[in-house]
Amino acid sequence: MYLKSLKIFNFRKFKETDNTIGFVEASHSKVEESPVASSTSLIIGKNNAGKTTVTKALEFIIDDSVKLQGSHFNYDYLNEIFNSYLKSDYNKTPELRFELEVFFDNEGNDIVTNIWKFINLSDIGSTSGKKIAMIEVLYKVSERIDFFKIVQDKINSFHAGVINRDDTFRWFVNFLSDVKFRKIIRGGGGEVTGFRLKDVIDIKLISATNNINDKKLLAKSFGKIIKFIYESEQSTYNTINGLVTKNNKNITNRISKTHKRNIDTVFDKVISESSLGFNLRADLTFDKLMSDLIVYEHKEGEYFIPEGQFGLGYANLIHMLSEIIDFS
């Protein structure tokens, strides 16, 4: 059994149109003409076209250990839902949907051991002598009432002027990372429980970059570029380092006066050795400031997208530029 096509709804680069990816042989341009070989698929396309989104979508729906994050959603889609909340319309919750079309044959009894659990056999079609099955994967908010209560409280703060719209939207995206979503698998026979997609489909991603799993790749790369710029302007660089040093002292003084004293009291009661002690000290540096404390977002249309959604092509280009600058 192997994948014929994947349809993505509201995940990262894809919304609800132009969202079908067909896996075809190199000599064919249409999904209907020929499926790709069952062993390897090569995804090609322009920078920022959504190649990474395709691989991430497959990885996400197959690997149940990958947690749904707010940044997984398409931002246009989230903005539409967010605007409805601003108008006191609380009917919709964010959800993701994927449709997989797979080819299979009777060899190895695939249909008996796996497909029959969630596919109505009478609905299975046939193309060029091969059997076709459709699998739908959905992610829905588990507790709608609790979800709407928390969102409504935040929206009320916005209407009261406590927080501006951009910050409220950022909160909404981050909040979705803490929301519990229910994964639903459907086929021709309806919803199926206790079934794992990886029992039917296996995937191994081979990326063109060794840094695909580095979620802070852009932050590190931009940090090198920014540091180079600051070091070229010594007075500005010294000013930033002065602020870093000043904040280190202030933080160290604060935690020494409160936390250190409290922990000392606990140690005195538990450990009789009077010579045992410890020290708390802030350790902020310019490099840590740029890579760990600065949030890097890229603008796409009218939205600022987290660096994790930046296309690997662009990310690699920026990474290479930062390495050249750092080397020089």
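A short reminder: the numbers here are calculations on the coordinates, not readings from a lab. These numbers come from a predicted model, not from an experiment.
Points to keep in mind about this one:
- Unsatisfied cross-links (Cα-Cα over 21 Å) in the set Lys56/Lys149; Lys15/Lys204; Lys4/Lys67; Lys154/Lys288; Lys220/Lys299; Lys87/Lys183: Lys56/Lys149; Lys15/Lys204; Lys4/Lys67; Lys154/Lys288; Lys87/Lys183
- For Arg12, distant residues with modelled amide H under 5 Å away: Phe73, Asn74
- Placed amide H near Ile305: partners under 5 Å, 5+ positions off or other chain: His298, Lys299, Glu300
- Under 5 Å, built H, 5+ apart or other chain: amide partners of Val141: Arg182
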